[in-house]
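Below is one structure, written out as structure tokens; the observations come after it.
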Amino acid sequence: MAPPIAVRVLDRCSVAPPPGSAPPTSLPLTFFDIPWLLFPPSQPLFFFQFPTPASHFTSVTLPKLKHSLSLALLEYFPFSGRLIQSPESETPAIVYADGDSVAMTVAEADGDFDHFCGHRSKDAGEFHQLVPRLSESGEVRMMAVQITIFSNAGISVGIALHHVIADGRTFTNFMKTWSSIHRNDENALMKSFPFPLPFCDRSVIKEVHGLKEMLLQQWRKHKKTLNKTSGEDGEDDDLIRATFLMSPREMEKVKQWIVSHCKRKSKPPPPHLSPYVLTCAFVWICLCEARADRATTAPPETCFFGFNAGGITRLDYAVPAAYLGNCVAFGRAAAARKELMGEEGIVAAAEAIGRKIKELDGEVLGGAERWISEWEVLIESNSHVVILGSPKLDLYEVDFGWGRPMKIEEISIDGMKSGISLTESRDFKGGIEIGLLLPHNQMDVFASLFHGGLKVLA
């Protein structure tokens with residue numbers, strides 16, 4: 001394995017909203033937030049080209065980066081807050097008080113910047129020094145930031161975000177806000193803001209059928225065990241990270257193969273053959289084969305595929321697009337392992353995922369009382385798959401004035417036995433990037449199946 005990069009910390013500081021700019025606030029959790037209490041923080045990592053010396057960055061760019069973050073937190077002040085739990089009610093809430101802040105680490109790395117921006121396999125541990133962690137002091141903070149300088153080459157912006165504060169939609173809005181303030185004239189920008197201001201009123205999410213209390217009871221039962229999947233206590237040296245790309249042309253190949261196969265078998269094709277479903281189905285069957293190659297115990301007969309489904313467009317009442325919080329449902333598709341690994345595996349996978357999406361389209365909160373118990377099975381076993389992220393978020397449009405990111409990684413999949421990440425493709429409009437973490441030999445098998453399978457489907 002490649003030697004770890006050397007990362008030297010230059011500064012540790014805190015960035016807060018401007019003093020007195022936001023009122024003391026306590027945000028209650030909704031039923032959409034509660035399942036995320038059991039997940040490790042998300043850790044998106046952005047790489048930007050910035051070919052200037054480290055000394056120039058720290059003296060010229062860094063002060064402006066801190067200031068623009070402070071102004072972004074003026075609107076997204078809950079990101080500076082803390083998660084507290086009342087001893088009386090045992091119900092957590094997000095609390096902000098004047099002076100609360102986001103921890104920022106500034107570091108310099110000696111690694112090869114271009115190496116991190118590529119899609120090829122890399123040691124998973126190489127990335128861990130580039131992202132911050134939350135709760136070093138025992139307090140449950142909402143967010144931390146790490147800026148790492150690769151002198152004369154580029155910088156990385158690593159985030160740790162407690163998922164209980166926001167879903168991917170809200171986080172993307174925050175990153176676009178911060179980067180726009182940094183990129184533009186702040187006085188003109190603050191007078192005519194290009195993005196909708198965050199909507200913090202949690203009462204817009206309507207409680208249904210005692211769902212919040214059901215999920216709270218499950219959280220209290222599982223919180224001492226499920227959090228162990230965060231991966232903070234030890235690492236597997238054999239794990240490697242790689243990115244795979246599905247282009248629109250390749251998605252169309254998969255779709256045409258499925259449709260033609262179903263026609264030959266005189267049966268209807270799976271529902272909802274969207275780019276997302278086609279990509280997920282193909283990745284699912286490749287993973288099943290790759291993991292079976294190294295299985296030491298008998299795998300389960302049923303395989304699960306977990307993903308998030310946006311709630312704002314599916315709820316039967318209006319929620320503002322700028323709502324600050326979680327508004328995503330949990331979906332879990334199921335298929336027999338023997339079907340996924342058979343001749344019609346891609347059809348079975350697409351059928352299971354597409355059918356579940358159609359169910360969520362009709363009733364987004366169907367089965368919501370089982371979100372925690374069902375997802376516990378998913379994230380505690382590497383026999384299943386959990387999708388993090390979404391290709392609909394347009395994270396590659398985040399621009400601090402240095403151009404679009406060269407690469408985006410989601411490091412939190414390292415803390416999950418079954419996690420993979422999806423984001424939109426940087427270079428192919430309509431394409432999807434798949435971030436994957438596997439043991440070395442499984443990654444080799446997956447790569448062979450993925451690239452070989454796409455050629456066979458041509």
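The values are calculated or read from the model by the stated rules, or taken from the named source; none is laboratory data. These numbers were taken from a predicted model, which means no experiment stands behind them. Using ideal geometry, Cβ is built from the backbone for each residue, glycine included, and neighbour counts are taken over all protein chains shown. For accessibility, only protein heavy atoms count, side chains too; no ligands or nucleic acids. Shrake-Rupley method; radii C 1.70, N 1.55, O 1.52, S 1.80 Å.
The overall shape of the range 356-458 is oblate: from the C-alpha gyration tensor, with semi-axes ordered a ≥ b ≥ c, the ratio a/c is 1.5 or greater and a/b is no larger than b/c.
When restricted to Cα atoms, the range 91-150 yields an Rg and a Dmax of 15.5, 46 Å, respectively. Taking the range 344-372 and a reference point 7 angstrom along Cα→Cβ of LYS265, the backbone N atoms nearer than 15 Å belong to 344-355. Our estimate of slack between ASP238 and ASP201, defined as 0.36 nm per intervening residue step minus the Cα-Cα distance, is 8.8 nm. Annotation for the range 326-418: GluC sites (Glu not before Pro) lying in DSSP loop with at most 12 further Cβ atoms inside 10 Å of their Cβ are GLU343, GLU363. Cross-link partners for LYS358 among the lysines, with Cα-Cα distance under 19 Å and sequence neighbours closer than 8 places in the same chain left out: LYS255, LYS267, LYS392.
Within the chain, the whole DSSP H helices whose Cα atoms reach 15 Å or more along their own axis and whose mean Kyte-Doolittle score is at least -0.5 are 62-75, 275-292, 345-362, 440-456. Of the trypsin sites (Lys or Arg not before Pro) found in the range 238-290, those in coil by DSSP whose Cβ has at most 12 other Cβ atoms within 10 Å are LYS265.
Determine the per residue accessible area of the range 337-412 with all protein chains present and a 1.4 angstrom probe, expressed in square angstrom.
39 Å²
Restricting the range 21-127 to GluC sites (Glu not before Pro) that sit in a DSSP loop and have at most 12 other Cβ atoms within 10 Å of their own Cβ leaves GLU88, GLU90.
Once a ≥ b ≥ c are taken as the square roots of the eigenvalues of the Cα gyration tensor of the range 20-127, is the result rounded (a/c under 1.5), prolate (a/b larger than b/c) or oblate (a/b not larger than b/c)?
Details: a/c = 3.30, a/b = 1.56, b/c = 2.11.
Oblate.
When averaged across all projection directions, what area in nm² does the alpha-carbon convex hull of the range 233-352 cover? Write down the numbers at each step before the final one.
Working: hull surface 45.0 nm².
Computing the convex hull of the Cα atoms and averaging its projections yields 11.2 nm².
Would you mind getting the Kirkwood hydrodynamic radius of the chain from its Cα pairs, rounded to one decimal in Å?
Numbers: mean 1/r = 0.0436 Å⁻¹.
After inverting the mean inverse Cα-Cα distance, the result is 22.9 Å.
A simple spin-label model places the labels of CYS13 and ASP114 3.3 nm from each other, with each point 7 Å out along Cα-to-Cβ.
Measuring nothing but protein heavy atoms, the accessible surface of the chain at 1.4 Å probe radius is 52 percent carbon and sulfur.
For the range 47-99, the solvent-accessible area of protein heavy atoms averages 41 Å² per residue (probe radius 1.4 Å; ligands and nucleic acids excluded).
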